[in-house]
Amino acid sequence: MDFNLDEETRSALEALRKWGREVVRPVGLEADRLSRPIPVDDPYFERCLLRGDGRTRWQPHADARSTRSRSVLTQLLLAEEFAYWDRGVMIANPGPGLPEASVIALGTEEQKERFLGPFVEPDRPRWACFAMTEPGAGSDAAAIQTRATKDGDGWILNGAKCFIGSASRSDWILVQATLDPSKGRAAQRAFFVEQGTEGLGPFKIEKKMGLKAYESSSFSLENVRVPASHLLGGETRRERSAGFKAAMSTFNAGRPVIAANAVGIGRAALDEAIRFAREQDLLGDPRVRDRIEAMTRKIRMARLVCLRAGQLADERRPNIVEASMSKALAAQVAQEAASQALELLGSTGGRGDHLIEKLYRDAKAMDIVEGTGQIQRMIIARQLVSLPR
Amino acid sequence: MNLDPDEELGLIVETARRFAEQEMLPRMREAERNRQVAPEVRRAFDETGLADLELPEGVGGAALGSVARVLVNEELGAADPGAALALDRIGPALYPFLEMAIDPVGSLSTIRGNGERILLVTESDGARIVRNDVVRGTVPWVPADRADAIVVLTREGAGLVRQGFSIDPVRGAGLRAAGAGTLRFDEAPLLDSAFRNAREAADRALARARLHVASLLLGVMRAACDFSRDYAQERQAFGRPIAHHQALAFLITDMQMALDGARLLVHEAAWRLDAGLPATAAAASAHAECVDASRSIGPNAVQILGGHGFMADYPVEKHMREARALGLLLGGFDAAVEAAGRSFCETEHPLEIGLGGAL
Ligand SMILES: Cc1cc2nc3c(=O)[nH]c(=O)nc-3n(C[C@H](O)[C@H](O)[C@H](O)COP(=O)(O)OP(=O)(O)OC[C@H]3O[C@@H](n4cnc5c(N)ncnc54)[C@H](O)[C@@H]3O)c2cc1C
């Protein structure tokens, strides 16, 4: 057992902490106050590029295994730290985002070159996004209705997607569609749809309760035509896809990231609560101390559960239960911490201008995105008690 | 960073697990009924060397630390936490000896040589030290019918009591394999005391004691989770295993989550103690979490078995009672929360990553 951090992780954290304090937090607070996503031309995004953010970890002329990246454990600690300063801003950051991992794992060489290539040394802030959720299907992802029909050597897409992060500003959208809605997951494929393609849009930028710094958009696809080369993995993707799916069913590195984000949000609420209590001279009250103790304890526990899932992923050991647990637990803990912190503020929390009040709104999404708490519990229960699908 | 226990401890944990499953588990009801463990079980335990885990090498111990202790205790606690308390004659009373300069080797070798049974009590249990050399007060419940000596641990230090106390047996709510009694001090003289500049050492001794108890709780919780989960996959209602009704599937999931989280807190605190890092708040918090989790896991395990869970034919009613009883030791949840809360409130960012190099 060893809970020491290596030097590289520590200095990366230190740099992120400074960036977070000086830049991220103020940008996030402003987006929340103005109730709009950070504008595409905001100087913040240029500064991200100067810092080295917004790039892909894919490297041209190298096979998938040689992509340079940090250990999952270090990534989780950084994800916690970033979310501590502002989780909305973290997701607003430019870069190939959610679909990057699928493209690296499943994409053809030409697809990587074409769609990830511009993110190697981006000339300007660039985004990409993944569109799964639809107005009629979220958790039950097998039930999506967006249709892909073969048309000559290309494809025609029809359907609607909702709540998709950064969609209107993305260079391309990886759209999940079905060849036959009656066949569930097996008939689903993903297609690259480039911005400006006829029939894509209009984009409706949603008004959200929290995490306002980044854009969540809904849009429709009406007879959107994409060439055959835009089918992720190409026609012969099947084998690679089977391998990817097998990997996804034994380890998962995405859910612990959301868990780490939740821990960061919870920790921000905790620190603000302590600060408020100290300024108001409330720390002598045992009820206040008990609240702070409970928040600290639960957040620390969620962090450890999250890191444990990350360690297993680093070691290529099965982590399905741990990954889902980390997300289910951390989302709940963060929400409770923010709520307790708000309780501590008393009616000051009702004014709507305190960071804790923002964190309370932001935290809620952690139990919804990338599989709700209920869905995580179903995944865990499948492993623990063979819950049927 | 590595959150897994070191491999070299694997053998010790395996020994503990085998002993627990083969010797303790089959006789847990008998030990409870007789209010003691059978002599042959005790002999077998002495042969494992598990009681000497943390004793200094000078008195024949293995001088291992808190991590080893919590791993072993989880195994013993999963079988029979009362017997675990009874078998380890010195138990958590060891820690003031180890952490403070009260002639650890001299007293300890006598105690160990004579096979004496020593109990640890704290101020929050009801023991009061007056005038630095006399103990008064009543501890309504200790998990023992008798003791040769008592170690009294306060925030300022600790001392040993050999006379002037009595233990009157009581029925006991749980952990009866260790006995149960009310401990009364009657102007008991303190020997071998250490109170000067001992505050930090006293804190560490209490932290180790907390993890001792917390790790037994982990064992009980694990047993309750495992038993109720297996049962839920067998038992049928409304045409399917009860575990396949979502209300129970999610409950079982949440119980496992609470157990896994509490265990990681205990492990981290134990690692901090062994690494010589500040650990008292982490240990108190881990202790509190174990008590908190056990308060839901115990009753929920019974709930999963329904009426059968209520009956002594199944172990879950014992898990529920014993988890609760264990959670009352060392001042229970409130004392742990109070200690951790005070400490967290002294800092600005209690969970900042990388403070002092460790998580
Ligand atoms: C801020 C934000 C950003 C998002 N970004 C993206 C994005 O970039 N790309 C994308 O594709 N999607 C995105 N989403 C969508 C998100 O993934 C979905 O909202 C989520 O998967 C839940 O789906 P749903 O909203 O349709 O809820 P539903 O699936 O309708 O669920 C409603 C409720 O029913 C529960 N439920 C459902 N099935 C079961 C069951 N079998 N047993 C028990 N309970 C059940 C759920 O847990 C939930 O509580 C985003 C959402 C938010 C809020």
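Pairs are defined by a Cβ separation below 7 Å, a sequence spacing of at least 6 or placement on different chains, a first member in the range A:209-229 that is within 15 Å of the ligand (Cβ to nearest atom), and a second member that is of a type in the set (S, T, N, Q); the pairs so defined are A:Lys212/A:Ser35; A:Tyr214/A:Ser166; A:Glu215/A:Ser166; A:Glu215/A:Ser168; A:Ser217/A:Ser168; A:Leu221/A:Thr146; A:Leu221/A:Asn158. Taking the conditions (1) surrounded by fewer than 20 Cβ atoms within 10 Å (Cβ to Cβ); (2) of a type in the set (S, T, N, Q); (3) assigned to a helix (DSSP H, G or I) in turn, B:Asn300 satisfies each one other than (1). Listed here are the helices (runs of 4 or more DSSP H) enclosed by the range A:9-97 that have at least 1 residues being in contact (Cβ under 8 Å) with a residue 24 or more places away in the chain and over 24 Å from A:Arg351 (Cα atoms): A:43-51, A:72-92.
Select from the range A:209-224 the residues that are at positive phi and surrounded by fewer than 24 Cβ atoms within 10 Å (Cβ to Cβ) and list them in ascending order. So that I can check it myself, show each step before the final result.
As a first pass, look at the range A:209-224 and keep what is at positive phi: A:211, A:223.
A:Asn223 - this is the single residue of the range A:209-224 that is at positive phi and surrounded by fewer than 24 Cβ atoms within 10 Å (Cβ to Cβ).
When each of A:Ile265, A:Ile292 is tested for being at pLDDT 95 or above, under 28 Å from A:Ile91 (Cα atoms) and assigned to a helix (DSSP H, G or I), the lone residue that passes is A:Ile265. The number of residues in the range A:88-110 being within 16 Å of the ligand (Cβ to nearest atom) and either farther than 30 Å from A:Ala365 by Cα or not hydroxyl-bearing (Ser, Thr, Tyr) (or both) comes to 15. Within the range A:111-156, the set of residues being more than 9 Å from the ligand (Cβ to nearest atom), farther than 25 Å from A:Asn223 by Cβ, touching a residue at least 24 places away in the same chain (Cβ under 8 Å) and not aliphatic (A, V, I, L, M) comprises A:Lys112, A:Glu113, A:Gly117, A:Pro118, A:Phe119, A:Glu121, A:Pro122, A:Arg124, A:Pro125, A:Arg126.
Mind listing just one residue for me: the one in the range A:157-171 that is within 14 Å of the ligand (Cβ to nearest atom) and in a strand (DSSP E or B) and, of those, most open to solvent (accessible area, probe 1.4 Å)? Taking the candidates together, the pick is A:Phe163.
One residue alone among A:Ile379, A:Ile375 is among the aliphatic types (A, V, I, L, M), within 16 Å of the ligand (Cβ to nearest atom), on the phi < 0 side of the Ramachandran plot and surrounded by fewer than 20 Cβ atoms within 10 Å (Cβ to Cβ), and that residue is A:Ile375. B:Leu211 meets all of the listed conditions (1) within 14 Å of chain A (Cβ to nearest Cβ); (2) open to solvent by 10 Å² or more (accessible area, probe 1.4 Å); (3) within 22 Å of B:Ala83 (Cα to Cα) but one, namely (2).
Quick grid of which residues meet (1) open to solvent by 10 Å² or more (accessible area, probe 1.4 Å); (2) among the β-branched types (Val, Ile, Thr):
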{"residue": "B:Ala51", "(1), (2)": "yes, no"}
{"residue": "B:Pro56", "(1), (2)": "yes, no"}
{"residue": "B:Val72", "(1), (2)": "no, yes"}
{"residue": "B:Pro81", "(1), (2)": "no, no"}
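Determine, yes or no, whether A:Phe191 is in a strand (DSSP E or B) and in contact with a His (Cβ under 7 Å, 6 or more places away or on another chain).
Details: in a strand (DSSP E or B): yes; in contact with a His (Cβ under 7 Å, 6 or more places away or on another chain): yes.
Against the criterion (in a strand (DSSP E or B) and in contact with a His (Cβ under 7 Å, 6 or more places away or on another chain)), A:Phe191 qualifies.
Open to solvent by 20 Å² or more (accessible area, probe 1.4 Å), charged (D, E, K, R) and modelled with pLDDT under 95: does that describe A:Asp123? Show your work before the answer.
Values: open to solvent by 20 Å² or more (accessible area, probe 1.4 Å): yes; charged (D, E, K, R): yes; modelled with pLDDT under 95: no.
The answer is no for A:Asp123.
The values are calculated or read from the model by the stated rules, or taken from the named source; none is laboratory data. These numbers come from a predicted model, not from an experiment. FYI the Cβ positions are ideal-geometry reconstructions off the backbone, even for glycines, and counts take in every protein chain you see. For the accessible areas, the whole protein counts, side chains as well, though only heavy atoms, and no ligand, DNA or RNA atoms are used. Shrake-Rupley method; radii C 1.70, N 1.55, O 1.52, S 1.80 Å.
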